[in-house]
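Engineer: Sending over a structure as structure tokens; questions will come in a sec.
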Amino acid sequence: MSQNSVNIEEADICKCGDYCRLKTLRTHLNPGRRFFGCKASKETGGCCYFRWIDPSPENANESSRFRKVKKLEEERDSLKFKLNENEEKMMVLNKKLKEVKLQRD
């Protein structure tokens, strides 16, 4: 086994003295990221133990793609906002142009 890999065949033992569960996150920030965690929740007296496990290359790529998509969506939203601002400015300028043309005639 390489130095950077984690043996997930042997579960960690948490501070409660129990074997931890291998869990996988389904959140937007850490999709597919795996960790060992205490079986009991904090509300039921669990110790809240957890330890990240390096994600598999598939999960790392998925997470990277998610970040890229998120960045592109933010850029799109920013560009939409700027476009709306410029359209409003254009309307104001067109109105002023009409007023100037009327005054000139």
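Engineer: If you take the residues of segment 11-56 that are hydroxyl-bearing (S, T, Y) and outside any loop (DSSP other than H, G, I, E, B), which of them is nearest to K71 (Cα to Cα)? Before you say what the answer is, go through the steps one by one.
Structural biologist: Residues of segment 11-56 that are hydroxyl-bearing (S, T, Y), as a first pass: 19, 24, 27, 41, 44, 49, 56.
With the extra rule that they be outside any loop (DSSP other than H, G, I, E, B), the set shrinks to 19, 24, 44.
Values: Y19: 39, T24: 24, T44: 38 Å.
Of everything passing the filter in segment 11-56, T24 is nearest to K71 (Cα to Cα).
Engineer: So which residues in segment 52-82 are aliphatic (A, V, I, L, M) and either at pLDDT 95 or above or within 18 Å of the chain's Cα centre (by Cα) (or both), if there are any at all?
Structural biologist: At the first step, the residues of segment 52-82 found to be aliphatic (A, V, I, L, M) are 53, 60, 69, 72, 79.
Within segment 52-82, A60, V69, L72 qualify.
The values are calculated or read from the model by the stated rules, or taken from the named source; none is laboratory data. These numbers were taken from a predicted model, which means no experiment stands behind them.
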